[in-house]
Structure formats: C-alpha cells, structure tokens
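To keep things clear, I will list the structure first and then write my remarks on it.
The values are calculated or read from the model by the stated rules, or taken from the named source; none is laboratory data. Computed from a predicted structure; not experimentally measured. Cβ placement follows ideal geometry from the backbone for every residue including glycine, while neighbour counts extend to all protein chains displayed.
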Amino acid sequence: MSKVWRTSIDRFSQLLRRRRHQPAVLYVFGLSVWSAAPELAVEELEYPEGAVEKKIVNLVEGENFTPEFLAVNPKATLPTLQADGEVFTDTASVTHWLVKHASKKVTTGTAFITKIHEDKYDPNFPLLLVRNDDELKAAADGFPKLFVQNRQNALEKHSKTEKAAPFKQFYEEKIAGNGGVLAIYKGEASPDDFYKQSETHWKTISDFILNELPATLPESGFLGGATPGEDDFHLGAWLARLVHVNGGKNDKEGIKALEKETKQPIPPKVVAYWGAWTERPSWNKVYVDGLH
Ligand SMILES: N[C@@H](CCC(=O)N[C@@H](CS)C(=O)NCC(=O)O)C(=O)O
C-alpha cells in the first residue's frame, strides 16, 4: 500500500475514533419538567461520567429563543440532544436514544409515552393556568407573570436580530401565543375562556391520576418492572411537576399534595409508585434542589 493511502487511512480512523468518543450533548434546564426524563435516564442507565455532557439553556431568561438555539431545535424546547451527528428535538426521541445506546439495558418504552405527552395532560400548563380571579391575582403577582414577561421580552429582542430571519414564522406565532397569556395576566384581555380551559385541564389530569393511572400501574415497582424503564422516566418527571405545583415535597408522602386537586385520596398504586421513585438515588440526584 502506498504511503499516501496509509496516511489517509490512519487519518480517517483517527477521525472516527475521535467522533466515537465525542460526548453526547444534552440541553436541559433545572426547572424544566421534561428535561428531568432524560436526566433520570442518564442516572438509571449508569452512563459513565462525561459520556453525556449537559448544557444549560435558561428557560426563565428565554435563552431557548435565541436564533442559535433555534438552529439546533427549531421548536425551541428542552430537552434536546445532539449525538452521533444527529439532533433529537423532543423528550421521547431524546430519552429513547439514551435507552438504546446505554450498555445497561432497561425495559423499552410503550404507547404510554405518547399518551403522557398528549396536550391534554401537559404538565407545563398547570404552572401558568388560572381558574378564577384569586388564581389570576396570584399568578400576576408572582412567578408566572415574571416568566411569561421574560419570555415575551426575549422573543421580541431575538426576533429583531439578523440571524432571526429564517425563524420569522416561529417568532410571530410565539409572540402572539405568549402575548395572549401576558395580556390576561396584565388585565388587558378577558380571562373567561382561559378560566374555562384551565378548569378543564386540571379536571383531565385529576381524572387520569384517579382512574387511568392506577389501571395502568403495577401493584409495586415500575411500569418497566422491578426497576424503572423507559416509560417510567417520562411518568416520574410528569408526576414530579404536578406534585410540585401543589406544594408537595420530595418525600414518600409528597404525592398526597395532589389531593388538593383530586379531592379524593390518591389511589394506593399511585402512592406506591411515587414511593418507589423517591427512594432511588437517580431521583434524589435529579431532584436534589427540590421537585420541579
Ligand atoms: N412535546 C415536547 C414538549 C417539551 C417542552 O414543552 N419542553 C419545555 C420545558 S419542560 C420547553 O422547552 N418549553 C419552552 C417553550 O415551549 O418555550 C417534548 O416532549 O419535547
């Protein structure tokens, strides 16, 4: 073999090796519900230190709306994963990549993942929704308004930059949608439809927790068996947010905070499920600063 060929082959294999050792990049934020799903996966799947590099995108400051982040994920959502030269832009595909590429094997996901991600069960909306004048006042005086205002400021700022041009439609739609909620918080738009939508949302979630969830859960352990599987990374993160919104803490009894919404005792299978998660080191690492 000629020297030129040998050198090229060596260079090529070096490149491959380097690429193989490149860490996957996981974009997350400490207060993001859905970021917690792949974060639980990283811990449960025992990825070695440094194999998955986390990058923080501050959602409270609207950093997800920079044209640079839109170029990575045009939906501007977390979690997002860059791995093996590909980009995964939703929780299900991000978490699935981690499950598929880990040396530790866990039970793979089912149709439950699609279900828990349906809009009608959206765990982010309960942070912003208001059902009456008292809840509206609380939101307008507190974090929800600050969050929505910050988002609007970030959207308006970034949308005016040169790099924003390819994402014009995204910015227009987001500014209108987020601006609609902001107008309600500011008392500039009627809250009546929003109250109705909010009422329905919590009712749907309560019904799911009281009926569908206990029908799906095992008597003990996880959807994935004795230890968490792919479905559980999603359900764990989803429950954590809803418990948090109701003031529940990261302990065995925390789930009972949801009774404020269900107005009925939390079904024993759901209580057991929550208890099983709160005992796990993975869980306590992801929620070390509290539920979110
Ligand atoms: N269906 C999407 C939802 C993801 C999502 O809503 N992520 C939130 C954080 S938990 C987010 O990035 N929100 C920012 C925004 O929508 O502006 C998925 O599963 O990836």
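For the reader, a short list of remarks on this structure follows.
- Residue selected from the stretch 90-113 under the condition of a type outside the set (D, E, K, R) and near the ligand (Cβ under 10 Å from one of its atoms), by the criterion farthest from Val42 (Cα to Cα): Ile113
- Any hit, the stretch 115-133, residues being among the charged types (D, E, K, R), away from the ligand (no atom under 14 Å from the Cβ), without any contact (Cβ under 8 Å) to a residue 60 or more places away in the chain and exposed (fewer than 15 other Cβ atoms within 10 Å of the Cβ): yes
- Only one of the listed residues (Glu53, Glu44, Glu61) is closer than 19 Å to Thr108 by Cβ and modelled with pLDDT of 95 or more. That residue is Glu44.
- Which listed residue, of Ala176, Ala189, Ala240, is under 25 Å from Leu146 (Cβ atoms), within 16 Å of the ligand (Cβ to nearest atom), of a type in the set (A, V, I, L, M) and in contact with a helix residue (DSSP H, G or I) (Cβ under 7 Å, 6 or more places away or on another chain): Ala240
- Looking only at residues in the stretch 44-88 that are near the ligand (Cβ under 10 Å from one of its atoms), assigned to a loop (DSSP other than H, G, I, E, B) and farther than 17 Å from Pro23 by Cα, the one that is nearest to the chain's Cα centre (by Cα) is Leu78.
- Check on Thr107, of a type in the set (Ser, Thr, Tyr), over 30 Å from Phe143 (Cβ atoms) and surrounded by fewer than 20 Cβ atoms within 10 Å (Cβ to Cβ): yes
Yes or no, residue by residue, for (1) in a helix (DSSP H, G or I); (2) more than 15 Å from the ligand (Cβ to nearest atom); (3) of a type in the set (Phe, Trp, Tyr); (4) outside the structural domain of Lys120 (by TED's automatic domain parsing):
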| site | (1), (2), (3), (4) |
| --- | --- |
| Ala165 | yes, yes, no, yes |
| Val181 | yes, no, no, yes |
| Ile184 | yes, yes, no, yes |
| Ile209 | yes, yes, no, no |
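- Count of the stretch 63-86 residues which are of a type in the set (Val, Ile, Thr) and touching a strand residue (DSSP E or B) at 6+ places or on another chain (Cβ under 7 Å): 2
- All positions within the stretch 196-233 that are within 26 Å of Leu128 (Cβ to Cβ) and either touching a Gly at 6+ places or on another chain (Cβ under 8 Å) or among the hydrophobic types (A, V, I, L, M, F, W, C) (or both): Trp202, Ile205, Phe208, Ile209, Leu210, Leu213, Phe233
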